[in-house]
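The values are calculated or read from the model by the stated rules, or taken from the named source; none is laboratory data. Worth saying up front: this structure is predicted, and the values here are computed from it rather than measured. Cβ coordinates were reconstructed from backbone atoms using ideal geometry, including for glycine residues, and neighbour counts include every protein chain displayed. For accessibility, only protein heavy atoms count, side chains too; no ligands or nucleic acids. Shrake-Rupley method; radii C 1.70, N 1.55, O 1.52, S 1.80 Å.
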Amino acid sequence: GVDPERIVFSDVAPKDEHIKRCQLADLFLDTEFSGVTTSCDILWSGTPMISKLGANMHNRVGGSLLKACGLKELVVQTWAEYKDLAVKLAMDDQTLLAHRLNLEMGRETCDLFNTQQWVYNLEHGFLQIVHGYEKGHPNANLLCDFTYKRSRRPSLN
């Protein structure tokens, strides 16, 4: 178990202090109920996170966040995998450090925090909607491939 003295409850803090607190954790355990904003804050702080996927959209947010940070190996399907990974990482300082460095070094460029790329992708999605409407397909399903980067401007044909 965890020594009760290591568990700290605190009041709400300003954002910069909150992020500093997040950095104190070795590992964040996101459940299938997903922390969403807290999970984003944890990842921004550089603290690795494990997430268990659920069946619904709100149960899959943590996994999407980790994938957008390039850490899909920290996403699990079952509670057994969740426990095994948590124990493994808790005993492996080197792997935790590697994940932390990956998060810190990719903070400005990973898909989760690259706002400029996100806006570009959203604009492209809107252009696809308008283009489909102009071609007479106003109710067609739309699949936006957001894996391209700005330097590869896609065709809207």
Looking at (1) out of contact with any Gly (no Cβ under 7 Å at 6 or more places or on another chain); (2) over 20 Å from residue 107 (Cα atoms), find the lone condition where residue 36 falls short. (2)
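Kindly indicate the residue of the stretch 75-86 that is hydrophobic (A, V, I, L, M, F, W, C) and surrounded by 18 or more Cβ atoms within 10 Å (Cβ to Cβ) and also farthest from residue 30 (Cα to Cα) among those meeting that condition.
85
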Out of the residues in the stretch 17-38 meeting the condition of being within 17 Å of residue 112 (Cβ to Cβ) and aliphatic (A, V, I, L, M), tell me which one is modelled with the lowest pLDDT. 36
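How many residues are in contact with a Pro (Cβ under 8 Å, 6 or more places away or on another chain) and open to solvent by 40 Å² or more (accessible area, probe 1.4 Å) when one looks only at the stretch 87-109?
1
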Can you pull out the residues in the stretch 24-38 that are open to solvent by 80 Å² or more (accessible area, probe 1.4 Å) and either farther than 19 Å from residue 89 by Cβ or assigned to a loop (DSSP other than H, G, I, E, B) (or both)? 24, 26, 33, 37
List the number of the failed condition for residue 107; all other conditions in (1) in a helix (DSSP H, G or I); (2) farther than 27 Å from residue 2 by Cα; (3) not hydrophobic (A, V, I, L, M, F, W, C) hold. (1)
Applying the selection to the stretch 1-57, what residues are more than 19 Å from residue 101 (Cα to Cα), among the hydrophobic types (A, V, I, L, M, F, W, C) and out of contact with any Leu (no Cβ under 9 Å at 6 or more places or on another chain)? 2, 7, 9, 12, 13, 33, 53, 55, 57
Could you list, in sequence order, all residues of the stretch 39-74 that are surrounded by 14 or more Cβ atoms within 10 Å (Cβ to Cβ), more than 11 Å from the chain's Cα centre (by Cα), modelled with pLDDT of 90 or more and in a helix (DSSP H, G or I)? 45
Out of everything in the stretch 1-23 that is of a type in the set (Lys, Arg) and under 26 Å from residue 89 (Cβ atoms), what residue ends up being least open to solvent (accessible area, probe 1.4 Å)? 21
Per the filter on the stretch 111-127, residues touching a residue at least 12 places away in the same chain (Cβ under 8 Å) and open to solvent by 50 Å² or more (accessible area, probe 1.4 Å) are 111, 116, 127
